[in-house]
Amino acid sequence: MNPDRIETISAWLAATDIGLLELRGPGTRLRLRNDGGGLPLRGEPIADASPAAAPGGSVTANAASVGVFLHRHPLRETALAPIGTRVVAGQPLGLLQVGALLLPLCAPRAGTVTGLRVAHGTAVGYGTPLVELAPL
Amino acid sequence: MIEILSASALATVQDLGRVGALQWGVGTSGAMDPLALAAGNLLLGNDANAAAIEVPVFPFQVRFGADLAIALTGADCAARLDDVPLLPWWVVEARVGQVLSLGVPRAAGHWRASRAYLCVAGGVDVPAVLGSRSTQLRGAFGGHEGRALRQGDVLCAAAPGIGRCGSGFGLLPPALAMPLQLDGVPAMRVLPAAEYGHYTEASRAAFWAGEWKITAQSDRYGYRLAGAALEAANPVEMRSHGIVPGVIQVPPGGQPIVQMRDAQPSGGYPKLGTVIEADLWRLGQAPIGSRVRFIEATWDDALDAREQMHAWLADARRLVELHRRQRARSAS
């Protein structure tokens, strides 16, 4: 990406109340943090939506997109994976609602659901840890 | 290939309807919940009008004779693919030999639905007749051999195989996104029709204020409602004339009939009102024995409601396509 573009985008970002901007393209990923400090850019390790290690050896399933975290399907009364449920890798633990779209929040590995990091119905950003899993 | 395992005889192949055929005396047919059918199709990347299976009686089971992407919409029937529970309004990939089972629909708060839609990649591959793949039961053409599905019937999907359209995601049901209730009872907007003025003021008031029970004499042809008897100020005698789905007729007994998707194209009873096109899906999902209310609407209200329905579909399609593209990119 052209560095001039990054400066332009940063200037735009600084004028908003957006905290984090991430742009992805073929072979590139740009992450800009708007902490009110203005330019220059801060280089930092990229935290993505892959499972994050949490204290106590547990892992979290993280939001792969901006959206509203749902622990249960809007038509259902019980959670997809209530606390204490043993799940297999890839099993949906909850949903992310993006407008009319419902995306699954999949277990990054097998384990037991030990807790929610955010409540049902909370608007979350990309990469936000949502559900805690204790590995089996 | 999809083999029907259930003996219940009321499931039919439907698309959005045989629009434009009334001029030949051919009824509209089509899905009782066209919004659910269109949503299931857009989850699969199909044309919104692709044919699907409408299921009004449960349990219902099919076996897949080939790998196939499917979407389930409409009533939440606690569906299972073999032993794996499926989410409602969801797209999944079924494997050859797997059995899909739909149970009795569950209520979700105030929303009770009665019909499920099984949409398949590419749509159910039956020939179009007079521009539609809907089953025309009265004329015995269209759909699968012009009749309801039977145990042992085998249907084909126009785009079998998996891995093409993506799966494992869903849509928020429009009943939740665009709820419409009056005092906790599902409601539909109604335009007063040509003979509205013939009814007594008390009857007109009772029509809007009362709850109407959907009686057991209700099906794809029409819903017979029970409630306060509606009385005309003077007897209304009419010749038969053209009618469309949604028209609310009042036979001499005073208990109204709402014409539904398989309605005949003409009738002679006086017309009190017409359920607006954008709310027919709500009525199409209302189960027998449940109660509904009617809300008086204007022509502009009806157009706004149709606009809102189309906007919901367009937005859902945009989000589904965006998601599908994003997934294809991250997979490559």
Quiz prompt | Max mean-square fluctuation residue, GNM over chain B, Cα-Cα springs under 10 Å, options B:21, B:157, B:50 | solution = B:21
Exercise. Could I get the Rg over Rh figure for segment B:117-167? Both from C-alpha atoms, Rh via Kirkwood, rounded to two places.
Key: 1.03
Quiz prompt | Only Lys, Arg (+1) and Asp, Glu (-1) charged, at Cβ; segment B:2-170 dipole about Cα centre in debye | solution = 320
Quiz item: By the gyration tensor of its Cα atoms, with a ≥ b ≥ c the square roots of the eigenvalues, what is the shape of segment B:181-297: rounded for a/c under 1.5, prolate for a/b over b/c, or oblate?
Solution: oblate
Self-check item: Amide hydrogen neighbours beyond the local backbone of residue A:122, cut-off 5 Å, H modeled
Solution: A:69
Quiz item: Given H placed 1.01 Å from N in the peptide plane, which residues other than close sequence neighbours of residue B:290 have an amide H under 5 Å from its amide H?
Solution: B:214
Self-check item: Accessible surface, segment B:170-243, averaged per residue in Å² (probe 1.4 Å)
Solution: 49
Quiz item: To the nearest 100 Å², how much accessible surface do chains B and A cover up together, summed over both, with a 1.4 Å probe?
Solution: 1500
Quiz item: Principal axis lengths of segment B:12-80 from Cα atoms, whole Å, largest first?
Solution: 42, 27, 23
Self-check item: Under the Karplus curve 6.51 cos²θ - 1.76 cosθ + 1.60, θ = phi - 60°, whole-Hz ³J(HN,Hα) for segment B:83-91, x wherever Gly or Pro sits
Solution: 9, 8, x, 10, 7, x, 6, 9, 10
Quiz item: Whats the longest run of chain B with zero GluC sites (Glu not before Pro) that are DSSP loop and have at most 14 other Cβ atoms within 10 Å?
Solution: B:1-144
Exercise. In square nanometres and to one decimal, what's the mean projected area of the convex hull around the Cα atoms of chain B?
Key: 16.4
Self-check item: Net dipole in debye of the protein assembly as shown [+1 Lys, Arg Cβ; -1 Asp, Glu Cβ; about Cα centre; nearest 20]
Solution: 800
Quiz item: If one computes P(r) from the Cα atoms of segment A:52-134, what percent of pairs lie at distances over 21 Å?
Solution: 18
Quiz item: Ordered by residue, what ³J(HN,Hα) values in Hz, to whole numbers, does segment B:275-286 give under the Karplus form 6.51 cos²θ - 1.76 cosθ + 1.60, where θ = phi - 60° and Gly and Pro are x?
Solution: 5, 5, 3, 6, 10, 5, 5, 5, 5, x, 8, 5
Self-check item: Shielding by partners - mean other protein chain Cβ count within 10 Å, residues of B:155-163
Solution: 0
Quiz item: Per-residue accessible area for residue B:58 at 1.4 Å probe radius, Å² rounded to 10?
Solution: 40
Practice problem: Take the alpha carbon gyration tensor of segment B:1-41, find the square roots of its eigenvalues, order them as a ≥ b ≥ c, and report rounded if a/c is under 1.5; if not, report prolate when a/b exceeds b/c, else oblate. | Solution: oblate
Quiz item: Using θ = phi - 60° and the Karplus curve 6.51 cos²θ - 1.76 cosθ + 1.60, what whole-Hz ³J(HN,Hα) does each residue of segment B:45-58 get, with Gly and Pro shown as x?
Solution: x, 7, 4, 4, 8, 4, 7, 9, 9, 8, 10, x, 10, 10
Quiz item: Once amide H atoms are placed 1.01 Å from N in the peptide plane, what residues at a sequence separation of 5 or more from residue A:105, or on another chain, have their amide H within under 5 Å of its amide H?
Solution: A:93, A:94, A:95, A:96
Quiz item: Which Cα, out of B:172, B:129, B:45, lies furthest along the positive dipole direction of chain B (beta carbon charges, K/R +1, D/E -1)?
Solution: B:45
Practice problem: Determine the equivalent ellipsoid of segment B:2-170 by diagonalising the alpha-carbon gyration tensor, then write out the semi-axes as square roots of 5 times the eigenvalues, largest first, rounded to whole Å. | Solution: 24, 17, 16
Quiz item: How many partner chain Cβ atoms sit within 10 Å of a residue's Cβ in peptide A:101-112, on average, as a whole number?
Solution: 3
Quiz item: Dipole of chain B, Cα-centred, from +1 at each Lys and Arg C-beta and -1 at each Asp and Glu C-beta, to the nearest 20 debye?
Solution: 500
Quiz item: Given 37 °C and 0.692 mPa s, how large is the Stokes-Einstein diffusion coefficient of the protein assembly as shown in µm²/s, with Rh as the Kirkwood radius over Cα pairs?
Solution: 134
Quiz item: Over the heavy atoms of residue B:213, what accessible area does a 1.4 Å probe trace out, to the nearest 10 Å²?
Solution: 80
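The values are calculated or read from the model by the stated rules, or taken from the named source; none is laboratory data. As the structure is a computational prediction, the values presented were derived from the model and not from experiment. Every residue, glycine as well, gets a Cβ built from its backbone with ideal geometry; the counts of neighbours run over all protein chains shown. Ligands, DNA and RNA are stripped out before the accessible areas are found, and what is left, the full protein with its side chains, is counted by its heavy atoms. Shrake-Rupley method; radii C 1.70, N 1.55, O 1.52, S 1.80 Å.
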